[in-house]
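First comes the structure, then the notes that go with it.
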Amino acid sequence: MPLQYGFVFDPSKCIQCHSCEMACKSWRDVELGIHWRQVKNIWENHYPEVTCVSVSVACMHCVEPECIKACPEEAIQKLPGNGIVIVDKEKCIGCRTCLDACPFGVPQFGEDEKMQKCDMCIQEIEYQNELPPCVRACPTQALLFEETEEERKKVMEQSVQALLSR
């Protein structure tokens, strides 16, 4: 079974510092108002039993990406060999069908109205020697990066979906 790159998030370790979010935004010089990675707080219960769990959300580079199936221009593709999902901004028409299809609500649209999202810093780092900046910035190791089998990656996707649907 081929291995793919993926993010692993442990909500029990997240301290809501937003370091992952800031590292991504700063490293990639992401425009104002756009978040390729975002820490979302999920509040539950009522006072005085209020609880909060956080989840660091970015493109999951899904095993079976719904965004690819939805894109009418075939502007999104999954790279063979590593599973990274990338966007061809030349082909993107900004129709936002990928956003509607994404179970994580990840696609972002900036000033150019083209879809943009995390690409695991594919052009900037060498995975064998470096971790993506969002992972390096996490002080508690709540966010990890690994090469994993598809089945484990599906479990990671389901875990984040479960957190977001609370």
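The values are calculated or read from the model by the stated rules, or taken from the named source; none is laboratory data. Keep in mind it's a predicted model, so treat the numbers as computed, not measured. FYI the Cβ positions are ideal-geometry reconstructions off the backbone, even for glycines, and counts take in every protein chain you see.
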*Can you name the residue in the range 126-154 that is at pLDDT below 95 and out of contact with any strand residue (DSSP E or B) (no Cβ under 9 Å at 6 or more places or on another chain) and, of all such residues, is farthest from Cys20 (Cα to Cα)?*
Glu151
*List every residue pair whose Cβ atoms lie under 7 Å apart, where the two residues are 6 or more positions apart in sequence or sit on different chains, the first residue falls within the range 39-65 and is without any contact (Cβ under 8 Å) to a residue 40 or more places away in the chain, and the second residue, located anywhere, is of a type in the set (S, T, N, Q) and not in a strand (DSSP E or B).*
Val39/Gln16; Asn41/Gln16; Thr51/Asn45
*When residues of the range 109-118 are limited to those that are part of a loop (DSSP other than H, G, I, E, B) and buried (at least 19 other Cβ atoms within 10 Å of the Cβ), the one farthest from the chain's Cα centre (by Cα)*: Lys117
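Output the strands (runs of 3 or more DSSP E) that fall wholly within the range 1-108 and possess 2 or more residues being loosely packed, with under 15 Cβ neighbours inside 10 Å, touching a Ser or Thr at 6+ places or on another chain (Cβ under 9 Å) and modelled with pLDDT under 95, or say none.
Numbers: elements: 3-9, 37-44, 51-58, 76-78, 85-87.
Per the criteria, 37-44.
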*Criterion: over 27 Å from Met22 (Cβ atoms) and either surrounded by fewer than 18 Cβ atoms within 10 Å (Cβ to Cβ) or at pLDDT 95 or above (or both) - qualifying residue of Gln158, Gln123*: Gln158
_Subset of the range 123-151 (residues that are farther than 19 Å from Ser26 by Cβ and free of Cβ contacts under 8 Å to residues at least 24 places away in the same chain)_ = Glu126, Gln128, Asn129
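Here is a yes/no grid of residues against (1) of a type in the set (Phe, Trp, Tyr); (2) within 11 Å of the chain's Cα centre (by Cα); (3) closer than 26 Å to Lys154 by Cα:
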{"site": "Arg28", "(1), (2), (3)": "no, no, no"}
{"site": "Leu32", "(1), (2), (3)": "no, no, no"}
{"site": "Glu44", "(1), (2), (3)": "no, no, yes"}
{"site": "Pro48", "(1), (2), (3)": "no, no, no"}
{"site": "Val53", "(1), (2), (3)": "no, no, yes"}
{"site": "Ala58", "(1), (2), (3)": "no, yes, yes"}
{"site": "Cys62", "(1), (2), (3)": "no, yes, yes"}
{"site": "Ala75", "(1), (2), (3)": "no, no, yes"}
